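Before any comments, here is the structure.
The values are calculated or read from the model by the stated rules, or taken from the named source; none is laboratory data. All values derive from a computational prediction rather than experimental measurement. A quick note on method: Cβ atoms are made from the backbone with ideal geometry, for glycine too, and the neighbour counts reach across all protein chains shown. We work out accessible area using only protein heavy atoms, side chains counted, and drop any ligands, DNA or RNA first. Shrake-Rupley method; radii C 1.70, N 1.55, O 1.52, S 1.80 Å.
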Amino acid sequence: MPNICLTFGTSAKPEEVMRAVNTIDGLNSWWTSDTSGDTSKGGKIEFRFGVHGPDMHVIQNDPDHVIWEIVAAHEEWVGTKVGFKVIPDEKQTHLMFKHAEWREETPFMHHCTMKW
């Protein structure tokens, strides 16, 4: 199964980076400003871009690693998983991003690679 994998480096502290990907306020600050739900394990997060947007089920929520399963969205996204892992080192904080378990590599997958 194909995956989208990206890594970002930042001078932000690991806790700040995790807040950006693991709290409703943090998620509202960078992807869409219309995010609601529960970011705890077992919770559901709803992202809205106008009327539509993906719904994610939180399957892992650790201090340095979050994984969501997409349960409602564009049909190619349903069943895929989105994950964020924070890895600090002495110079910066790395955010490893993965949008995993695509059924196949498609033009839409390539489009999404540039939208994250």
So which lysines pass the test for residue 44, namely a Cα distance under 16 Å, with those fewer than 8 places away in the same chain ruled out?
-> 81
Exposure of residue 29 as accessible area (Å², to 10), given a probe of 1.4 Å and all protein chains = 90
Largest fluctuation, 62, 89, 25 only, Gaussian network model of the chain with Cα springs under 10 angstrom, belongs to 89
In nm, spacing of pseudo-spin labels at residue 59 and residue 19 (7 Å Cα→C-beta vector) | 2.9
List the trypsin sites (Lys or Arg not before Pro) in region 13-66 that DSSP assigns to loop (not H, G, I, E or B) and whose Cβ has at most 13 other Cβ atoms within 10 Å. Which are they?
-> 41
Qualifying aspartates and glutamates (Cα of each under 18 Å from Cα of residue 13; at least 8 residues distant if same chain) | 25, 62, 64, 89, 90
If amide H atoms are modeled at 1.01 Å from N in the peptide plane, then the residues at a separation of 5 or more from residue 37, or on another chain, having amide H under 5 Å from its own are 46
For residue 64, enumerate residues with amide H under 5 Å from its amide H, sequence gap 5+ or separate chain, H modeled in the peptide plane.
-> none
Determine, from the Cβ-Cβ distance of residue 103 and residue 10 and an R0 of 22 Å, the FRET efficiency 1/(1 + (r/R0)^6), rounded to the nearest 0.05.
-> 0.10
Phi angles of region 26-37, converted by Karplus (6.51 cos²θ - 1.76 cosθ + 1.60, θ = phi - 60°) into ³J(HN,Hα) in whole Hz with x for Gly and Pro, give x, 5, 5, 7, 9, 9, 8, 7, 10, 10, 9, x
Starting at the first residue of region 65-72, write each ³J(HN,Hα) from the Karplus equation 6.51 cos²θ - 1.76 cosθ + 1.60 with θ = phi - 60°, in whole Hz, x for Gly and Pro.
-> 8, 10, 9, 10, 9, 7, 10, 8
